[in-house]
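Reading through the structure tokens given below for one structure.
Bear in mind these aren't lab numbers, they're just calculated from the coordinates by the rules spelled out. Just so it is clear, the model here is predicted, and its values are computed rather than measured. We place every Cβ from the backbone using ideal geometry, glycine too, and count neighbours over all the protein chains shown.
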Ligand SMILES: [Zn+2]
């Protein structure tokens, strides 16, 4: 079948879905088009050279940096809206038939069909953590990745996080693996070796397994240091490169290392890649701080203990005021918070808001951290900086539904 018929049906469904207010038209249109023509993703995507980005945390940021890197070479199609399953990806690919390069974020449990359809040149594997938004176990995800590794194109390369033993194990069978320093702030999910079941040992040199001898490989791409002017020095097989990364957070230099490596694997000059990366200041609006009552509020969406652990670390190291926003999310409301090291914030009083504020306060109490409930999020943000009279940036740590609600609320109040 020509791609046209399936695409026309998909586009009609997309418009209809948007007209009826049924949520993401991209996904619904793509789903119908793929049902009509299961080979559609291969038809609209395989002619391009592509980089896929997968993992539990940080996909969108790294995809944005990779897309920027590839633009140094030519036009790029990318799923910046975060529609990262096959039905969303097919719609994005179909809407841009001319770009020869693709930077595609892929949901970690849909990697195999996307790899089969697109036959990518580069796969970036960031990390593997437990995840509660969808009900797929970490073990199932790792098995899925093992299967992907066995079916990758022979000329492809996996850029894998050297610091995550689970990710390294999952892609062992890939034709070529290049280790990148990707950090692992949360060891809770990687306590045991997935190969032999022994307990990992962690040291300044990274992880190692006393049972089977697997250990952290020396990364080919390494984050050396942050220079006085704020740029990051990244060492690589060809030398070293200073990269300025404008997006915030600890993910930024890690993302830059992966994006530089991807650029080089795609044949782009490393200097040109670094310059292209430095121009990324925002990812799908998610890093844009919102002005709230004279403060600047940055929303973080946290979906697992690894995410909460990183947010707490940013609050501790930056000294930024910290607000917790948790809304109802089925039985998963505060599950992800219980394992996070809130004790590190003891001595502070944290404003808490959202429909599950009482549950979040219980987590804080168990960690001996003071909390106070504010029904209104703006009041909570104002309270976070009240004592200091500061106008500095406030970190608003949100679970998924609170992130959605507050993004919408603050965006609307800006218009
Ligand atoms: Zn082992």
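How many percent of Cα pairs in the stretch 51-192 exceed 24 Å?
25
Obtain the nm distance between the two label points defined at residue 80 and residue 412 by a simple spin-label model: each point lies 7 Å from its Cα along the Cα-to-C-beta direction.
Inter-label distance under the simple model: 2.5 nm.
Considering the chain, what Rg and Dmax in Å follow from its alpha-carbon atoms?
Rg, Dmax (Cα atoms, Å): 21.6, 66.
Within a 10 angstrom radius of the beta carbon, how do 61, 335 rank from fewest other beta carbons to most?
Listing 61, 335 from fewest to most nearby Cβ atoms yields 335, 61.
So for the chain, averaging the separation of alpha carbon pairs under 8 Å that are six or more residues apart and normalising by length, what relative contact order in percent results?
Normalised by residue count, the contact order of the chain is 12 percent.
Determine Rg/Rh for the stretch 290-414; Rg is computed over alpha-carbon atoms and Rh is the Kirkwood hydrodynamic estimate from the same atoms.
0.92
Once R0 is set to 22 Å, what does the formula 1/(1 + (r/R0)^6) return for the Cβ-Cβ distance between residue 218 and residue 187, expressed as a FRET efficiency to the nearest 0.05?
According to the calculation, E is roughly 0.65.
Within a 10 angstrom radius of the beta carbon, how do 148, 76, 270 rank from fewest other beta carbons to most?
Fewest-to-most ranking of 148, 76, 270: 270, 76, 148.
Given the chain, what percent of its DSSP beta bridges are antiparallel, to the nearest 5?
Around 30 percent antiparallel, to the nearest 5.
Give the distance, in whole Å, between the Cα centre of the stretch 40-54 and the Cα centre of the stretch 354-375.
What the calculation gives is 45 Å, centre to centre.
So, in nm, how far is label residue 233 from label residue 366 when the simple model puts each one 7 Å beyond its Cα toward the Cβ?
For residue 233 paired with residue 366, the spin-label model returns 4.4 nm.
Can you compute the modelled spin-label distance between residue 8 and residue 318, with each label point 7 Å from Cα toward Cβ, in nm?
5.1
What is the order of 312, 104, fewest Cβ neighbours within 10 Å to most?
312, 104
How much length, in nm to one decimal, is gained on full extension between residue 225 and residue 338, taken as 0.36 nm per residue of separation minus their Cα-Cα distance?
37.4 nm
Would you mind telling me which residue in 319, 239, 30 has the biggest mean-square fluctuation in a Gaussian network model of the chain, where springs connect alpha carbons within a distance under 10 angstrom?
Of the options given, 239 has the highest mean-square fluctuation.
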